[in-house]
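The values are calculated or read from the model by the stated rules, or taken from the named source; none is laboratory data. Because the structure is a prediction, the values reported are computed rather than measured. With ideal geometry, Cβ positions are generated from the backbone for all residues, glycine too; neighbour counts draw on all protein chains shown. With ligands, DNA and RNA removed, areas are computed over all heavy atoms of the protein, side chains included. Shrake-Rupley method; radii C 1.70, N 1.55, O 1.52, S 1.80 Å.
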Amino acid sequence: MTFSIVGRCAETGQLGIAISSSSIAVGARCPWLRAGVGAVSTQNITLPALGPQILTLLEAGESPSAALSQALDSNGYGQYRQVTVIDSHGASAHFTGSEALGVHHARAGEKCVAAGNLLSSPAVIDAMVEAFEHVAGGLPDRLLAAMHAAMAAGGEAGPVHSAALSVVGDLVWPVVDLRVDWADDHPIGELDALWRAYEPQLHDYITRALDPTQAPRYGVPGDE
């Protein structure tokens, strides 16, 4: 039903998540990020509360594995959850409960963790990690490369309908937060197209927020 990758860029310190699902609006429930703290994907039978709880524990100084364990223990029903965590240093943890759906797998790589359930095969997750580790480019490009690699390796057992990409850096808000909430076909391709359209404007939106006097023109009527 879902596959995802959380990762950290060693050069910029950015943290990010790319995720897709057969369910609608996966980006509204599963990816959680906090600048300077970490990133969490909570999936399978999703409990959104796990994301903020784990991030708060990381911020308080807990390790990814300790934060993950504490959050799972405090909420119960851990056997239904699949969760991945990475912190601001690149340390990671993952958990897949005994009631995870279908074929499932999780794997930590260099500054990344990928996981999925209802997969066509465990090789989907291995392909994601290997793509993230070996593809050049910025963090969004590497996360998307992992998603494309997952689809090339077979993806989910059924159709994928939604996808999301989120990245945090030095600012308190996400510098990238893109979603395809529903597509009959190829939501990862649509997400990639959104990123290609947004990438040239990313720094303009940061400038507008931090120093409106230096804001580039909006290119709309009345922008004089």
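Of the conditions (1) surrounded by fewer than 15 Cβ atoms within 10 Å (Cβ to Cβ); (2) assigned to a loop (DSSP other than H, G, I, E, B), Arg196 satisfies every one except a single condition; which number is it?
Only one criterion in (1) surrounded by fewer than 15 Cβ atoms within 10 Å (Cβ to Cβ); (2) assigned to a loop (DSSP other than H, G, I, E, B) is unmet by Arg196, namely (2).
Residues of the range 68-85 being touching a helix residue (DSSP H, G or I) at 6+ places or on another chain (Cβ under 7 Å) and in contact (Cβ under 8 Å) with a residue 24 or more places away in the chain, which ones?
Of everything in the range 68-85, those that are touching a helix residue (DSSP H, G or I) at 6+ places or on another chain (Cβ under 7 Å) and in contact (Cβ under 8 Å) with a residue 24 or more places away in the chain turn out to be Leu68, Asn75, Arg81, Val83, Val85.
Gly61: touching a strand residue (DSSP E or B) at 6+ places or on another chain (Cβ under 9 Å), over 18 Å from Asn117 (Cα atoms) and in a loop (DSSP other than H, G, I, E, B), yes or no?
Spelling it out, it is not the case that Gly61 is touching a strand residue (DSSP E or B) at 6+ places or on another chain (Cβ under 9 Å), over 18 Å from Asn117 (Cα atoms) and in a loop (DSSP other than H, G, I, E, B).
Among the residues of the range 26-58, write down those that are of a type in the set (S, T, N, Q) and either open to solvent by 20 Å² or more (accessible area, probe 1.4 Å) or not in a strand (DSSP E or B) (or both).
Thr46, Gln53, Thr56
Could you please find all residues in the range 133-187 being open to solvent by less than 40 Å² (accessible area, probe 1.4 Å) and either in a strand (DSSP E or B) or aromatic (Phe, Trp, Tyr) (or both)?
Of everything in the range 133-187, those that are open to solvent by less than 40 Å² (accessible area, probe 1.4 Å) and either in a strand (DSSP E or B) or aromatic (Phe, Trp, Tyr) (or both) turn out to be Glu156, Ser162, Ala163, Ala164, Leu165, Ser166, Val167, Val168, Val176, Leu178, Val180.
When the range 22-37 is examined, which residues are found to be touching an Asp or Glu at 6+ places or on another chain (Cβ under 8 Å), on the phi < 0 side of the Ramachandran plot and of a type outside the set (Val, Ile, Thr)?
Ser22, Gly27, Ala28, Arg34, Ala35
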